[in-house]
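The structure appears below as structure tokens.
The values are calculated or read from the model by the stated rules, or taken from the named source; none is laboratory data. Because the structure is a prediction, the values reported are computed rather than measured. Cβ placement follows ideal geometry from the backbone for every residue including glycine, while neighbour counts extend to all protein chains displayed. SASA here: full protein model, heavy atoms, side chains in, ligands and nucleic acids out. Shrake-Rupley method; radii C 1.70, N 1.55, O 1.52, S 1.80 Å.
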Amino acid sequence: MRILVTGAAGFIGFHLIQKLLERGDSVIGIDNINDYYDVNLKYGRLQELGIKTKSFVDGQTVQSTQYTNFQFVKIDLANRITLEQLFTKYTFDKVCNLAAQAGVRYSLVNPHAYVSSNLVGFVNLLECCRHQSIQHLVYASSSSVYGMSQKVPFSTQQKTDEPISLYAATKKSNELMAHTYSHLYGLPTTGLRFFTVYGPWGRPDMACFLFTDAIVKGLPIKVFNHGNMSRDFTYIDDIVEGVIRVIDKIPTSNEGKQPPYKLYNIGNNSPVKLMDFIECIEQELGIQAEKNFMPLQAGDVLTTWADVDDLIQDFDYQPAISIQKGVKEFIRWYKQFYKVKSEKTLA
């Protein structure tokens, strides 16, 4: 099976591609390698996949030196022409869209980046998928679509029409556009609402990375809403396992009454208080963090909590890796990647 994975140099995309390659799928990965965060981390992920160069020509295929079944192409989803050429060149069975401009707070600063990547780019991808008769489009949504909902745990059955950040609004828009294409063209689509993903090779703008990096460097950490927040922290391996199971199961229409369209939460179904998460990092590092308590940031939500009953019912699967194990694995990777010497850190 040949699968296109967008956002190949990203956190989830990188881990997903590794698992797909290991089970024998043929994968084409694409990414625009933007500089939203340190591009060296993105190049590092690609190097782990056997893409050794840092010099890319847009639209040109690079063969992995490690996996015979993996190729990488630098493409921006907003570039419709180049994307169409890719779909013409290769025959894809399925597509997993993990490319997006991420970050709730950054959407307050650079809204146009979200429109270009998350809206224009997604429409371009939908068009390519329908014209090439793709068997299944799986795409990343987000728990942010639930906004400030007080009804927990969050269920895919509840209304999500009050986003409180532009990022959330673009993710909700993706779900609506996918539903339209499933209805009009019979394109099977599945949206995945991810809940606070963390783990090795994680994004530098996410809590686990931000806290660990600051604590190791002896800098104070910013604790928003004075620590009165909770998140359904979900380890990357749990996320990837869920994504793969979803990719393999193509949604069908319900005797013409419902389009071939599905939505699932992928979360740990066990929210953790922010202060408990910080304490877990402190214990693993052996360092007490200096904390700057701050008010709630615009666009932030107080709680995330995934109802995963549908995931259990349809796939007999539920994320279960504890934060203790997950944080330990992240810090192990962090120390190795940034060459942090434990004996100095723990002094």
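Which one of these does residue 176 not meet: (1) buried (at least 19 other Cβ atoms within 10 Å of the Cβ); (2) outside any loop (DSSP other than H, G, I, E, B)? Single failed check for residue 176: (1). Residues that are outside any helix (DSSP H, G or I), surrounded by 14 or more Cβ atoms within 10 Å (Cβ to Cβ) and either touching a residue at least 40 places away in the same chain (Cβ under 8 Å) or among the small types (Gly, Ala, Ser) (or both) are absent from the stretch 11-22 altogether. Restricting the search to strands (runs of 3 or more DSSP E) fully inside the stretch 216-302 and requiring at least 3 residues that are buried (at least 19 other Cβ atoms within 10 Å of the Cβ) and in contact with a Pro (Cβ under 9 Å, 6 or more places away or on another chain) gives 261-266.
Among the residues here, residue 326 does not qualify as touching a Leu at 6+ places or on another chain (Cβ under 6 Å) and either open to solvent by 70 Å² or more (accessible area, probe 1.4 Å) or among the small types (Gly, Ala, Ser) (or both). Restricting attention to the stretch 15-61, the residues that are of a type in the set (Lys, Arg) and over 12 Å from residue 3 (Cβ atoms) total 4. Do we have residue 84 as charged (D, E, K, R) and either at pLDDT below 95 or closer than 28 Å to residue 37 by Cα (or both) here? Yes: the conditions hold for residue 84.
For residue 274, the test of being more than 24 Å from the chain's Cα centre (by Cα) and hydrophobic (A, V, I, L, M, F, W, C) is failed.
For residue 321, state whether it is surrounded by 21 or more Cβ atoms within 10 Å (Cβ to Cβ), within 19 Å of the chain's Cα centre (by Cα) and either within 20 Å of residue 103 (Cα to Cα) or modelled with pLDDT of 95 or more (or both).
Values: surrounded by 21 or more Cβ atoms within 10 Å (Cβ to Cβ): no; within 19 Å of the chain's Cα centre (by Cα): yes; either within 20 Å of residue 103 (Cα to Cα) or modelled with pLDDT of 95 or more (or both): yes.
Against the criterion (surrounded by 21 or more Cβ atoms within 10 Å (Cβ to Cβ), within 19 Å of the chain's Cα centre (by Cα) and either within 20 Å of residue 103 (Cα to Cα) or modelled with pLDDT of 95 or more (or both)), residue 321 does not qualify.
For the stretch 130-153, taking the residues that are in a helix (DSSP H, G or I) and without any contact (Cβ under 8 Å) to a residue 60 or more places away in the chain, the one that is surrounded by the fewest Cβ atoms within 10 Å (Cβ to Cβ) is identified as 131. In the stretch 303-318, what residues are of a type outside the set (Asp, Glu), at pLDDT 95 or above and surrounded by 13 or more Cβ atoms within 10 Å (Cβ to Cβ)? Of everything in the stretch 303-318, those that are of a type outside the set (Asp, Glu), at pLDDT 95 or above and surrounded by 13 or more Cβ atoms within 10 Å (Cβ to Cβ) turn out to be 305, 306, 308, 311, 315, 317, 318.
Just to be sure, is residue 181 part of a helix (DSSP H, G or I) and among the aromatic types (Phe, Trp, Tyr)? Yes; evaluated as a whole, the condition is true for this residue. Do we have residue 210 as without any contact (Cβ under 8 Å) to a residue 40 or more places away in the chain, open to solvent by 40 Å² or more (accessible area, probe 1.4 Å) and under 28 Å from residue 17 (Cα atoms) here? Spelling it out, residue 210 is indeed without any contact (Cβ under 8 Å) to a residue 40 or more places away in the chain, open to solvent by 40 Å² or more (accessible area, probe 1.4 Å) and under 28 Å from residue 17 (Cα atoms). Among the residues making up the stretch 52-80, a single one is over 17 Å from residue 10 (Cα atoms) and aromatic (Phe, Trp, Tyr): 67.
Identify, from the list 156, 190, the residue that is surrounded by 20 or more Cβ atoms within 10 Å (Cβ to Cβ) and part of a loop (DSSP other than H, G, I, E, B). Walk me through how you get there before you give the answer.
Numbers: 190 fails: part of a loop (DSSP other than H, G, I, E, B).
The match here is 156.
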